[in-house]
Amino acid sequence: MSKTFADALATKGLPKSEIFYILQEILSLNRNEILCQKSTDLSDEQWDEFNRVAEVRKSGKPLQYIFGRCYFYDREFLVNDSVLIPRPETELLVDRIIQDNKSKKDLKILDIGTGSGCIAIVLALHLDCKVMDAVDTQTLLLASKNAKKHNAEVNFFASDIYSQVQSRYDIIVSNPPYIGSQEFQTLEKQVKDYEPKTALFAKENGTYFYKKILTDLNLHLSYEGSLYLEIGAEQAQFITDLAEKLNFSCQIKKDLSGLDRMAIIKSKN
Ligand code: GLN
């Protein structure tokens with residue numbers, strides 16, 4: 001007997017939000033359209049696909065990896081299990097950069113640890129960029145595909161932080177790995193077991209990349225430039241102290257849960 005949207009929505013063992021996510025992806029409908037058509041039949045293929053995805057999801061794999069795509073700043077990006085799934089907190093970081101810099105012209109921007117390329121691509125599309133460089137040690141193929149998909153002009157190149165970076169930039173941005181090894185056990189299973197450890201963890205209690213980025217910042221940040229970092233909720237004091245020690249000013253911003261999540265660092269002129 002054929003199955004309806006309502007049958008799918010009655011599936012046990014998954015949160016409603018995830019059932020909607022799966023249906024939205026399979027049917028290319030939005031949540032309201034699904035709700036308004038509850039008695040509509042799924043084809044046999046759609047029902048089989050729905051159940052296949054639901055079973056894989058129940059084993060822990062994130063839906064974004066199952067479908068190979070995710071949404072960031074209202075755009076669709078390709079993802080695979082070698083890159084971090086972009087987070088809503090990172091949308092806030094990007095939004096902040098856009099708000100602070102939208103009236104400026106000919107910006108030179110560097111994104112360190114670009115992963116899927118989401119930060120660099122959205123900035124390239126929303127700001128007046130003369131140069132949008134983005135570096136990572138791997139995964140540049142996927143990031144390039146994402147840039148092509150959105151017609152964004154981004155120069156991706158392999159670099160271990162600044163190792164291959166020659167220029168100075170008006171904006172440097174990074175959402176580096178910042179989870180310390182002690183925090184590992186506190187992560188959700190779907191993060192711990194499926195997302196790339198290289199994109200999540202950093203040595204020295206999660207501070208390794210911040211130290212590297214800040215220590216050579218004066219070589220790569222232009223006069224009056226800004227560094228925007230996503231940070232862990234417990235790292236604000238460390239970053240503020242480190243910035244101060246290196247003669248930079250540091251402003252901390254919170255995320256929507258009220259946790260410290262962003263650092264904006266500038267030279268003290
Ligand atoms: N820049 C990418 C993002 O914010 C990747 C971040 C990372 O791998 N730590 O999603």
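The values are calculated or read from the model by the stated rules, or taken from the named source; none is laboratory data. These numbers were taken from a predicted model, which means no experiment stands behind them. Cβ atoms come from the backbone with ideal geometry, glycine included; neighbour counts cover every protein chain shown. When the accessible area is computed, the model is the full protein with side chains, heavy atoms only, and any ligands, DNA or RNA have been set aside. Shrake-Rupley method; radii C 1.70, N 1.55, O 1.52, S 1.80 Å.
The residues of the stretch 83-104 that are open to solvent by 60 Å² or more (accessible area, probe 1.4 Å) and hydroxyl-bearing (S, T, Y) amount to a single one, S103.
Quick check on this structure: which one of E76, E55 is more than 16 Å from the ligand (Cβ to nearest atom), open to solvent by 10 Å² or more (accessible area, probe 1.4 Å) and either at pLDDT 95 or above or touching a His at 6+ places or on another chain (Cβ under 9 Å) (or both)?
One residue alone meets the criteria, E55.
Within the set of pairs 6 or more residues apart or between chains, which connect a residue that is under 14 Å from Q138 (Cβ atoms) inside the stretch 189-202 to a residue that is surrounded by 17 or more Cβ atoms within 10 Å (Cβ to Cβ) and at pLDDT 90 or above with Cβ atoms less than 8 Å apart? Between residues of the stretch 189-202 that are under 14 Å from Q138 (Cβ atoms) and residues that are surrounded by 17 or more Cβ atoms within 10 Å (Cβ to Cβ) and at pLDDT 90 or above, the close pairs are P196/V83; P196/L84; T198/P177; A199/V83; A199/L84; A199/G113; A199/G115; A199/P177.
Looking only at the stretch 63-72, residues that are within 13 Å of the ligand (Cβ to nearest atom) and either farther than 15 Å from A147 by Cα or open to solvent by 50 Å² or more (accessible area, probe 1.4 Å) (or both) come to 2 in all. Answer yes if at least one residue in the stretch 136-146 is at positive phi and within 12 Å of the ligand (Cβ to nearest atom), and no otherwise. Yes, the stretch 136-146 contains a residue that is at positive phi and within 12 Å of the ligand (Cβ to nearest atom).
In the condition set (1) closer than 21 Å to G115 by Cβ; (2) of a type outside the set (S, T, N, Q); (3) open to solvent by 90 Å² or more (accessible area, probe 1.4 Å); (4) away from the ligand (no atom under 12 Å from the Cβ), K197 is compliant with all but (4).
Take the conditions open to solvent by less than 40 Å² (accessible area, probe 1.4 Å) and of a type in the set (D, E, K, R) and apply them to D260. Does it pass? Yes: the conditions hold for D260. Here F50 does not fit the description of being assigned to a strand (DSSP E or B) and either at pLDDT 95 or above or open to solvent by 10 Å² or more (accessible area, probe 1.4 Å) (or both).
Just to verify a result, which residue in the stretch 172-187, among those that are in contact with a Leu (Cβ under 6 Å, 6 or more places away or on another chain) and among the hydrophobic types (A, V, I, L, M, F, W, C), is surrounded by the fewest Cβ atoms within 10 Å (Cβ to Cβ)? Restricting to residues being in contact with a Leu (Cβ under 6 Å, 6 or more places away or on another chain) and among the hydrophobic types (A, V, I, L, M, F, W, C), the top hit is I179. Could you go through the stretch 89-110 and let me know if any residue there is within 16 Å of the chain's Cα centre (by Cα) and farther than 30 Å from Y223 by Cβ. No, the stretch 89-110 has no match at all.
Would you please name the residue that is farthest from the chain's Cα centre (by Cα), looking only at residues in the stretch 126-182 that are under 16 Å from T90 (Cβ atoms) and assigned to a strand (DSSP E or B)? The extreme case among them is I171.
Checked against the criterion of being assigned to a helix (DSSP H, G or I) and open to solvent by less than 10 Å² (accessible area, probe 1.4 Å), the stretch 214-224 contains one or more residues that satisfy it. List the pairs whose first member sits in the stretch 144-158 and is under 13 Å from C118 (Cβ atoms) and touching a residue at least 60 places away in the same chain (Cβ under 8 Å), whose second member is outside any strand (DSSP E or B) and not aromatic (F, W, Y), and whose Cβ atoms are under 7 Å apart, counting only residues at least 6 apart or on separate chains? From the stretch 144-158, the pairs are N146/S116; N146/G117; N146/I121; H150/I121; H150/L125.
Each residue in the stretch 144-175 was checked for being under 18 Å from T215 (Cβ atoms) and among the β-branched types (V, I, T), and 4 of them qualify. How many residues, within the stretch 76-115, are under 26 Å from E195 (Cα atoms) and assigned to a strand (DSSP E or B)? Selection size over the stretch 76-115: 6. Among the candidates A54, A120, the residue that is small (G, A, S) and in contact with an Asp or Glu (Cβ under 7 Å, 6 or more places away or on another chain) is uniquely A120.
If the condition is being in contact (Cβ under 8 Å) with a residue 24 or more places away in the chain, part of a loop (DSSP other than H, G, I, E, B), within 25 Å of L259 (Cβ to Cβ) and not aromatic (F, W, Y), then the stretch 61-75 contributes only P62.
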